[in-house]
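Encoded as structure tokens, the structure appears first; notes follow it.
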Amino acid sequence: MEATQEHISVGCNRLTQALAWGADGLVAFGAHHSVALYYPMDSARRGVRATLQGHTNRVNCVAFLNRGHELAQKNVAIVSGSADKTARVWRKKMSTSGAEDKWVCSAVLEGHTGTDNRISIYVMQSKQFDKVLSLQGHDNWVRSLDFATFTKDSTNDTTTKQQQEHQQAGGKNTSHHHTLQDGDLLLASGSQDKYIRIWRISAVVDAPEEVSAEDVSAQAGSEAALTQDMLKSLEEMSKSGTQLSTKAHIIDVNTDTAGETKRFSVIFEALLLGHDDWVYTINWQPATSLNGAYHQPMCLLSASTDKSMMIWRPDESTGVWVNNTQVGEVGGNTIGFYGGLFGPDGRWILAYGYNGAFHIWKNEGNEIGDKWVPQVPASGHYASVQDLTWDPTQSYLISVSLDQTARLYSPWRHTDTASNALVSTWHEIARPQIHGYDAQCIAFTDKWTFVSGSDEKVLRVFDAPQTFVRSLAALSGDETVLAEESSRPVGANLPALGLSNKAVFENDIASMVEAQESEEYLSQQAFVSTGATPTSLVETMSQPPFEEHLLQHTLWPEVEKLFGHGYELMCVDGSHDHRWVASACKAHTPDQAGVRLFDIRNGWKQTANPLQSHTLTVTKVKFSHSDRFLLSISRDRLWSLFERVEDAN
């Protein structure tokens, strides 16, 4: 018998440069100490395909190395930087057996140092990079930089007769190409000061000794920097101390051994205003082919902790950079986006947020306008997984983590849109528990009920709602589970400032609808978090849910709390006959190192005395298949076997 990999579930590290999207569609991202590989545009939605092991601490940043010219560039390597003070270079090893190619570590490089709110410009001279300029402007840390080469598209190469007549009459040049020249480098920078700046690097065509910085500034014109958005915000920025300068910086570069010098100017081109919080990443849309020629779209994507991603383009008539598309999260307790990238063809966007979750949008629009539609992403925990368990029928599994969540995974039977073949892929379809404490252990007591333990010293029992049973049947194709649907609550809701998921029944739905229509309910919404709605409680899923839905609408009702432990829970297990729950917690003295038993059939009551045999913390308990024996292991280096003996009375 051969074991094959079926599914990898992992979230992205909470860092701003932990994600990279290669030219061939492959995404690499930091996942704890590993680099995970993922194809978001895979029509079969198979999620994470592999992880690269080697770093000994958190992976902080990832990037692709490309070879080739213009549109012929290909990914040749992945570079990952880690808190272990090393950078690793990974190269693809081609497979000869027809299996997927593997990536292997080909080099390990030594560490790095800190950053500030300036942008440093380096040029290669005499076969080494030298720092030649430091750009000021941002008044907080610069979080992201991205270069693009400006190209004049064929449709706007020439000035129309009407534009020429308008300019001759004293009018302004209304094309956004009025200062940009073919081949100019555009550098976009995003900062924690909430602003995005665009800088233009241009070759100076006159002899170096004949041109000064003042001349270049005058040639560029104030229109290059003072857009309408900037003028509106000058007063606000002056109060905050933000710098706004149109000064040109001159760089002389030695281009060959003969001493030939070329002069370049660096000037502030535009300021983009729109985000309400830190801008973490900015990304130019990848270059495309236009009429057979290399073309760089003037399109910029920004991601912010204000829970939004914006797509910026210059207005064709005024040159003003405007935000014409915005996507993002709604509700939940997240802290916005840590990063966002365009796909290789510019028609996909991949973002990740505070809780490690991915968000994917595909542009299904046309020449009239954009239409960004959410797609099913990969998902997983963003902190260490402490425990996981199958349900008694092995239909689905649940894992718990130090990210304080319990996540449920199940197969999804669906059609591969590329091949029209029926495929089965694993996905997170519910988040039954979202806690305020680190989750440590979990066990099922029957097909639809599980018990979990955390650092709060209390065991909590959860029961599956109707919504989950119906969705599981629809996604997995197994309709036999619907036989047990009717006796269950419809769903669950977490009250404001509450820790317990409250069951919602059929008669509660009508009350919720009436409450939503009242003025009192509407006034309260400014003070409470968004929870389950009547619509979401009765909705049956046709595909795996997006992160916003998982955060708010897939909770399971909490049906019982089990008390008795004095310290943080360590382990729990349920008997196969659905009668007993055994658990243990951290122990500071020998009398606290006992195993506690709870009788499910007797109202979840605890037995009179814990099972004692260990002197240090019990780390694992397990019932035998027959439920006759209970095994425990401890930090005292001993294991104990308890036998169940029926009372003769």
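The values are calculated or read from the model by the stated rules, or taken from the named source; none is laboratory data. As the structure is a computational prediction, the values presented were derived from the model and not from experiment. Note that we place each Cβ from the backbone using ideal geometry, even for glycine, and neighbour counts take in every protein chain shown. For the accessible areas, the whole protein counts, side chains as well, though only heavy atoms, and no ligand, DNA or RNA atoms are used. Shrake-Rupley method; radii C 1.70, N 1.55, O 1.52, S 1.80 Å.
Structure summary
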quantity: The stretch 567-649 - percent of accessible surface contributed by carbon and sulfur, probe 1.4 Å; calculated: 52
quantity: Where the stretch 1-58 is the region considered: accessible area per residue in Å², 1.4 Å probe; calculated: 44
quantity: Portion, in percent, of the accessible area of the stretch 270-388 that falls on carbon or sulfur, probe 1.4 Å; calculated: 47
quantity: When the stretch 536-636 is reduced to its Cα atoms, the Kirkwood hydrodynamic radius in Å; calculated: 15.7
quantity: Surface share of carbon and sulfur [accessible, 1.4 angstrom probe, percent] for the stretch 1-59; calculated: 47
quantity: The stretch 41-86 and the stretch 437-482: distance between their alpha carbon centers, rounded to Å; calculated: 35
quantity: Heavy-atom accessible area per residue - the stretch 363-449, 1.4 Å, Å²; calculated: 40
quantity: Listed residues 574, 610, 638: farthest to the positive end of the dipole of the stretch 554-649 (Cβ charges); calculated: 638
quantity: Extension reserve of the residue 646-residue 624 stretch, reckoned as 0.36 nm per residue once the Cα distance is removed; calculated: 6.3 nm
quantity: By average C-beta atoms within 10 angstrom, highest first, the peptides 585-595, 340-350; calculated: 340-350, 585-595
quantity: Separation of the residue 390 and residue 437 label points, Cα + 7 Å toward Cβ, nm; calculated: 3.0
quantity: Two-site label geometry, residue 347 and residue 482: point separation in nm, points 7 Å out along Cα→Cβ; calculated: 3.6
quantity: Most to least packed among 22-31, 596-605 [average Cβ atoms within 10 Å]; calculated: 22-31, 596-605
quantity: For the stretch 270-321: accessible area per residue (Å², 1.4 Å); calculated: 32
quantity: Above-threshold pairs, the threshold being 20 Å between Cα atoms, out of 502/620; 74/262; 152/371; 502/561; 586/620; 457/605; calculated: 502/620; 74/262; 152/371
quantity: Nitroxide proxy distance, nm - points 7 Å out along Cα→Cβ at residue 578 and residue 415; calculated: 3.8
quantity: Potential extension, residue 609-residue 136 segment - 0.36 nm per residue separation minus Cα distance; calculated: 163.3 nm
quantity: Order by protection proxy (mean Cβ within 10 Å, highest first), peptides 7-15, 417-425, 86-94; calculated: 7-15, 86-94, 417-425
quantity: Taking all pairs of distinct alpha-carbon atoms in the stretch 427-488, Kirkwood radius in angstrom; calculated: 13.0
quantity: Length gained when the stretch residue 107-residue 253 is fully extended (0.36 nm per residue, less Cα-Cα span); calculated: 49.4 nm
quantity: Cβ-Cβ FRET estimate between residue 638 and residue 3, R0 fixed at 22 Å, reported to 0.05; calculated: 0.10
quantity: Computed FRET value (nearest 0.05) for residue 181 with residue 93, which takes r as the C-beta separation and R₀ as 25 Å; calculated: 0.05
